[in-house]
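One structure is given here, and the rest of the page talks about it.
The numbers here are math on the coordinates, done by the rules we state, and not lab data. These figures come from a predicted structure and were not determined experimentally.
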């Protein structure tokens, strides 16, 4: 039986790509059988494709807490693997997606980062394996977004609310960041004697250098969208309620240069590579430190966990 080039690439991707879950991980995650569509409705993530613009919307629902709960991470990972299954090995002409846009349903939060409620529960229970499994799944998601699932598309963070902690880290894996004025950005982990372990130092060090990267990680300061633009971490700042129109204007302007933008993204990753192995090594250090947090540290984390819950999307 003949096998097409795309099918062969898809098979090779499933066998050889170390960013995909192992057989053991796959059985634990227990992903459902996927349909060949780009319009999906997960419990915690909704996706919709616009053929006329090439935009694939991925909107986080944040039903329980405005953060990366294990449930939303599971849906995000399944979505990424779904895209790989559909378009592994596809050329620019064969892949209909140009822009993968990450957005949020929560009115005041894009993402407030790691699920602090889950963290404190696992740490208090002494469940290091559970915390490490969460952290490794986060790295799988962030790394695959960083490399665009090896597909000929570009990713966009459409930030209409705060991007804090792991939300800040996730934003740094996108090719383009559009933020509404009024959104806040920060890495608060130092407040409870931790550090942002899901890639912040790796991503910031490549973008800003080691000194400024360390400052952003250790000062605990919340910064505005305009300040992020001055640092080069946000590309476009727009007025509240104007993020989608700013996105569409940007896409219309850049459409003739899409191939060049995609190539520049590949060049940047080649010149300043971040490997999955590096991210895993760092997050393992994060897990080791997190398991040693004191009761006082965990109580401070509890306070921020309540903020994540208050900012969830309306039911």
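Hydrodynamic estimate: the Kirkwood radius of segment 168-240 over Cα pairs, inserted into Stokes-Einstein at 4 °C and 1.567 mPa s, corresponds to D of 104 µm²/s. Scaled against the 2.2 N^0.38 Å expected of a compact globular protein of N residues, the Cα radius of gyration of segment 160-308 reads 1.14.
Antiparallel as a % of all DSSP beta bridges within segment 30-122, to the nearest 5?
Values: 8 of 15 bridges.
Approximately 55 percent, going by the DSSP bridge assignments.
Given segment 129-213, report the % of alpha carbon pairs whose separation exceeds 22 Å. All intermediate terms of the calculation are to be shown ahead of the outcome.
Details: 1024 of 3570 pairs.
Summing the P(r) tail past 22 Å for segment 129-213 gives 29 percent.
Among 197, 114, 130, the largest mean-square fluctuation in a Gaussian network model of the chain (Cα springs under 10 Å) belongs to 130. Comparing 210, 96, 188 in a Gaussian network model of the chain (Cα springs below 10 Å), the most mobile by mean-square fluctuation is 210.
Counting DSSP beta bridges with both partners in the chain, what percentage is antiparallel, nearest 5? Present the calculation step by step, with values, prior to reporting the outcome.
Working: 10 of 33 bridges.
Taking every DSSP beta bridge within the chain, about 30 percent pair in antiparallel fashion.
The C-alpha atoms of segment 98-249 occupy a region whose extents along the principal axes are 49, 34, 32 Å, arranged from largest to smallest. Taking only the C-alpha atoms of the chain, Rg followed by Dmax gives 18.8, 63 Å. From its DSSP helices (H runs of at least four residues, each -39,500 (n - 2.57)), the chain gives a residue-normalised ellipticity at 222 nm of -15000 deg cm²/dmol. Comparing 43, 152, 256 in a Gaussian network model of the chain, where Cα atoms under 10 Å apart are tied by springs, the biggest mean-square fluctuation is seen for 256.
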